[in-house]
1. Is it the case that F618 is among the hydrophobic types (A, V, I, L, M, F, W, C), open to solvent by less than 40 Å² (accessible area, probe 1.4 Å), modelled with pLDDT of 90 or more and touching a strand residue (DSSP E or B) at 6+ places or on another chain (Cβ under 7 Å)?
2. Does I513 fit the bill of being open to solvent by less than 20 Å² (accessible area, probe 1.4 Å), farther than 21 Å from Y397 by Cα and either over 24 Å from the mean Cα position of the chain (by Cα) or free of Cβ contacts under 8 Å to residues at least 60 places away in the same chain (or both)?
3. Does L253 count as buried (at least 19 other Cβ atoms within 10 Å of the Cβ), in contact with a strand residue (DSSP E or B) (Cβ under 7 Å, 6 or more places away or on another chain), under 30 Å from L292 (Cβ atoms) and not aromatic (F, W, Y)?
4. Filter the range 333-361 for residues that are of a type in the set (S, T, N, Q) and closer than 24 Å to T507 by Cα; which is most open to solvent (accessible area, probe 1.4 Å)?
5. Among (1) in contact with a Cys (Cβ under 9 Å, 6 or more places away or on another chain); (2) free of Cβ contacts under 8 Å to residues at least 40 places away in the same chain, where does R499 come up short?
6. Report, by residue number, each residue of the range 281-328 that is in a helix (DSSP H, G or I), surrounded by 15 or more Cβ atoms within 10 Å (Cβ to Cβ) and at pLDDT below 90.
7. For the range 75-100, how many residues meet the condition of being in contact (Cβ under 8 Å) with a residue 24 or more places away in the chain and either under 23 Å from Q37 (Cα atoms) or acidic (D, E) (or both)?
8. Quick check, is Y636 closer than 23 Å to L39 by Cβ, open to solvent by 20 Å² or more (accessible area, probe 1.4 Å), modelled with pLDDT of 90 or more and among the hydroxyl-bearing types (S, T, Y)?
Amino acid sequence: MQFLKYSCLMFKYLFVAFTLLATWNANAQVYQTLEYQYLSYGKVPTWSAIAAQWETAQPSIHLYDYVKYKGHAAFVSKGLKTGITFKQFKAQVKFPATRKYVPFFLFDLRTCPITIGNTTYHWAIRLEDYSYTDSKAQMAQTVLRLLELVNAHVNKHSTISQNGMVILATNKKAQPNIGIAPMVQQKGYPNRTLGQLLKLVGGKRVEVLNEGTAVGKLRYVQEGETPYHNFKDIVVFEKLPKRVPPVNGIVTLTPQTPLSHVNLLAKNRGTVNIYATEMQDIPGLKRHMGKLVKLECKGDKVSISAINQADAEQFWSTQQKPALTLPPPNVDEKELILFDTKGVPAVVNVIGAKASNYALLQKHCKGYVKPGAAIPFYYYFEAIEQCGAAAMIDTLYKRKKLLTPEQIADRLSEIRTAIKAHSLNETLITKLLQYFQNAPQSNRFRLRSSTNCEDLPEFNGAGLYLSKGYNVSDSKDKLIKKILQVYASLWTLTAFEEREFYQIDHTRAGMAILIHEAFPNEYANGVALTIPDNNSVALYINSQYGNALVTNPENGQVPESILFPSLTNSSYEVSSKSNIAPVFTQEDMQPLLLELQSISAKIHQLLTDRVIGTDVSFGVDIEFKVMEVAKKRHLYIKQARLLGIPVPDH
């Protein structure tokens, strides 16, 4: 069956390629060589492209090899031989006064042309959003100039007239967006949104990432807005948030990946989670906004219907989570914990779950894990006691039911302020500075939250708390400031609400800090998820080139997705390809892909052995990096944690 599915997938790609080739020959069109083309969103043949020399009277259009050049900046630096850095590239894109390049994607619609009125359109462009600072008029001028340039480029190499359009964002804070549509339309270029394009070519516009039933009041959240929610809300987010408080259902109007922090959180909570490219893609969503509804999601089917208060209250009464008891923090250990030292107390009660898992990986997965250490709980509790935050936390815990959400947020802000204004134990700082100076491999490190209320089998907490970077050239004061910022992140409103949802005693929450070398300029990054089934364990991998995030994707980025039906079988399926650059689908990356499969199997066994005897099937969430070391690519594991709810629907 798996072989058949894989064969069908390959046939689909071959069919598209042969169809394109036939169309190409028939029309004698040479936009650019077909080998540079790839499928976006599983449906749309696409080229990555750059308009260069933008500051001149005659900019040039380049459709480049996205396999050879990993992104627009890499092509400008290496392909155009400018040698500029990514930071310099962004500066030469973002600001209209200094713009030299316009990065964009060219969609080839010849196999699925779009007819509007009496005109048929064969291509479309979508500008890459680099947080442009253009005014509306400047953005319209930029888009129109690019459309004219692409139109000239396309028709120069075509014996048949080819018409084009532009894809505009629905989000008014993105650039370019539908606010400039009238100005573009006036010049004869129609526009469509990405959702409309996918609808016209048959792409997926709505995806259920975590199915089920949700009941709540539909609330709409604009980008940048941070309203107060509760568990009786179904929240529609204009843009994918980095973190979602406990709600009854999640709808995002930007695509998510199955292994994003938001979806892993939804899986762990049992929360319905879907995305749509536009609000109208879900019938009834806009009409029911602000009303009490039932949202039902099963497979690819989504329905919304009104529900009365009594039935809603009955539904909510069945969803209460049982109270979760945290591992009690041990505050006796004062030494900096080095994971390469035998007999160190690298356990959750001393250094938190994240650091404890990391120590386990370092011990058993040698070569795949960078050396690590941890600051134990003792110094966090010492700091909050000395600065008065401990008393404030105790008072908040006792009075929380008498306070409004706004009052709770104010008190949490006061707690964070008190922690960040404090100092730290001088003995600890001396030990840390010595540790950093003696580290032979790197001068850059990560200071990562490691609490007793995250990365637990019953409580995921993915992305809940803060991590900070540290460079050995930083001052002592900067080191202290960053540690205190990590400590303070235990008391954000989002973290507090999440613990409330699981009825956790906040006064028992403690913050240790995991320390390991940083991963600068990674070749690729991603998430691997083991998926237990009745007789085997599958492996689902999302990866992305460079530092483009899989866990919090931006600007319509689509990761490369690969499914191994079994941890013990080398056959796999490619579910989607990255719209930035390929990762493991490159031939020379195949050995590293099988390496990732092998080490994932080992990590799955290591972590699930810790929970043998429970009646829950556990998957394992693994974050990884691919680094280039001595001109060779090397796989590193960044972290791993248990997931108490498996993901069976891939």
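1. Answer is no for this residue.
2. no
3. Considered against the rule, which asks whether it is buried (at least 19 other Cβ atoms within 10 Å of the Cβ), in contact with a strand residue (DSSP E or B) (Cβ under 7 Å, 6 or more places away or on another chain), under 30 Å from L292 (Cβ atoms) and not aromatic (F, W, Y), L253 comes out as yes.
4. Result: N349.
5. (2)
6. D281
7. So the answer is 3.
8. The answer is no for Y636.
The values are calculated or read from the model by the stated rules, or taken from the named source; none is laboratory data. Keep in mind that this is a model prediction, so the values were computed, not measured. A quick note on method: Cβ atoms are made from the backbone with ideal geometry, for glycine too, and the neighbour counts reach across all protein chains shown. Ligands, DNA and RNA are excluded from the accessible area calculation, which covers all protein heavy atoms including side chains. Shrake-Rupley method; radii C 1.70, N 1.55, O 1.52, S 1.80 Å.
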